[in-house]
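Below is one structure; the comments refer to it alone.
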């Protein structure tokens, strides 16, 4: 009963209760944004070292709800997708000045405006060579491939049966260096995952199904590929103080096999003073240093923020050899 009460209180805090009616004001579609720097000192110790961060704000009514993040190589240009079916592109310089802001709806299969349940984008990766984007949508349990302008759906494919529950479907997606794609569910059936051998949005062989043991860290909210081929996983655990605890871990795709249980190793967590609902992650390498970028989903609540954080990843645990994996805890 205590767990049910806790869940009900958190649900009430995160959004409107079922059956309530909300009057929506006239939408403001001004394509502009600003980045307010966070007063949090850079860190010089630990594996996950805070570098800088901003609170992203915009007058645009559809700005926020960010569930996925991509960053262009060598430049502070970002692509964000919200679970309300809108995408944002913006540039952010070293001083925190925002420019080149575009905020548009995702395309739909029939060209008509999509309902929330039909455009609940939760994960994304971008091919740097072509600029095309792959987006995983919860609710309809599909993966779409979009053109470089995010204006047209080039291909779309449903996840295989048995279908994942509408609100516990694809939450994280990673393109590996060899072209394979890994998709993690939020909590569907023992936290299932799928491994696609090719383009997950195009017709092809069925994916391999596996399971992920989060070991008490909470559901996976996003993932990103590391330079050494491993996968960085972002977990979201709900509580009261803070409401959101974000825990980072690393998994090895070599452990993914049919019906196998994959585990990961914790490397750090977001400091409590920066606690938010982080659902988007990207990894970049600059000057030989590896950085993690996180963006938060504000759920369009006044008490939450669309935070964009940069961390440096330092002294990551080494990859295990095939022999050492047998002795892994």
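Sort through 129, 136, 123 and tell me the only one that's part of a loop (DSSP other than H, G, I, E, B) and within 28 Å of residue 177 (Cβ to Cβ).
The match here is 129.
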- [ ] Among the residues of the stretch 220-253, count how many are touching a strand residue (DSSP E or B) at 6+ places or on another chain (Cβ under 7 Å), assigned to a loop (DSSP other than H, G, I, E, B) and modelled with pLDDT of 95 or more.
- [x] 3
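Does residue 41 count as surrounded by fewer than 18 Cβ atoms within 10 Å (Cβ to Cβ), part of a strand (DSSP E or B) and without any contact (Cβ under 8 Å) to a residue 60 or more places away in the chain?
Working: surrounded by fewer than 18 Cβ atoms within 10 Å (Cβ to Cβ): yes; part of a strand (DSSP E or B): no; without any contact (Cβ under 8 Å) to a residue 60 or more places away in the chain: yes.
No: the conditions fail for residue 41.
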- [ ] Out of the residues in the stretch 181-210 that are over 19 Å from the mean Cα position of the chain (by Cα) and in a strand (DSSP E or B), state the one that is farthest from residue 144 (Cα to Cα).
- [x] 210
Task: Single condition residue 309 does not satisfy, out of (1) more than 15 Å from the chain's Cα centre (by Cα); (2) within 21 Å of residue 125 (Cα to Cα); (3) in contact (Cβ under 8 Å) with a residue 60 or more places away in the chain - done: (1)
TODO: Please specify each residue of the stretch 63-75 satisfying the condition of being crowded, with 18+ Cβ neighbours inside 10 Å and either modelled with pLDDT under 95 or in contact with a helix residue (DSSP H, G or I) (Cβ under 6 Å, 6 or more places away or on another chain) (or both).
DONE: 71
- [ ] State whether the residues of the stretch 170-184 include one that is free of Cβ contacts under 8 Å to residues at least 40 places away in the same chain and either under 22 Å from residue 278 (Cα atoms) or surrounded by 13 or more Cβ atoms within 10 Å (Cβ to Cβ) (or both).
- [x] no
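Of all residues in the stretch 106-136, how many are surrounded by 15 or more Cβ atoms within 10 Å (Cβ to Cβ) and within 23 Å of residue 72 (Cβ to Cβ)?
Within the stretch 106-136, residues that are surrounded by 15 or more Cβ atoms within 10 Å (Cβ to Cβ) and within 23 Å of residue 72 (Cβ to Cβ) number 13.
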- [ ] Only residues that are touching a residue at least 40 places away in the same chain (Cβ under 8 Å), in a loop (DSSP other than H, G, I, E, B) and surrounded by 17 or more Cβ atoms within 10 Å (Cβ to Cβ): list them for the stretch 44-61, please.
- [x] 58, 60
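Suppose we filter the stretch 187-198 for residues that are buried (at least 17 other Cβ atoms within 10 Å of the Cβ) and farther than 15 Å from residue 256 by Cα; how many remain? Can you show your working first?
In the first step, residues of the stretch 187-198 are kept if they are buried (at least 17 other Cβ atoms within 10 Å of the Cβ); the result is 187-188, 191-196.
Those still in the list that are farther than 15 Å from residue 256 by Cα too: 187-188.
Looking only at that region, the number is 2.
The values are calculated or read from the model by the stated rules, or taken from the named source; none is laboratory data. Quick caveat: nothing in here was measured; it's all calculated off a predicted structure. All Cβ positions, even for glycine, are placed from backbone atoms using ideal geometry, and neighbour counts span all protein chains on display.
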